[in-house]
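The values are calculated or read from the model by the stated rules, or taken from the named source; none is laboratory data. Given the structure is predicted, the values throughout are model-derived calculations rather than measurements. Just the protein is used for accessible areas: all its heavy atoms, side chains included, with ligands, DNA and RNA removed. Shrake-Rupley method; radii C 1.70, N 1.55, O 1.52, S 1.80 Å.
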Amino acid sequence: MTEAEQRRERLRETLAELEAELAASGSLDRELRARLESTVADLRVTLERAEGDAPDDEDHHSVVDHLSDAMRRFEVTHPKLSLALGRVVDALSNLGI
């Protein structure tokens, strides 16, 4: 397995962890949960595109911006969720996204 493949696999694992944290965070309001779930779905699509054709920088920046914003909002109120979001952002950075 190449280094890039290992990084993508780690990102997939990290996304799964984030989804588990979202599922366990019962105190999120519906709108916020929906936005985060949508961002995670967008991230999965972006990852699939990056594995195929040339990545679309605009899509990547949009998803990373959404995740970074969410991470900052949750630092105090939902620290586990914030950590999971931070791991996703770090994994994206390692992939050059």
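Residues in region 26-69 that are part of a helix (DSSP H, G or I), at pLDDT below 75 and under 15 Å from ARG8 (Cα atoms): ALA50, GLU51, HIS60.
So, in region 22-37, of the ones that are under 13 Å from ALA70 (Cα atoms) and among the acidic types (Asp, Glu), which residue ends up most open to solvent (accessible area, probe 1.4 Å)?
Residues of region 22-37 that are under 13 Å from ALA70 (Cα atoms), as a first pass: 22, 28, 31-37.
Next, from what is left, pick out any that are among the acidic types (Asp, Glu): 31, 37.
On the way: GLU31: 123, GLU37: 95 Å².
Per the stated criteria, the residue is GLU31.
Reported count of residues in region 1-21, each being over 15 Å from HIS66 (Cα atoms), open to solvent by less than 80 Å² (accessible area, probe 1.4 Å) and not charged (D, E, K, R), is 6.
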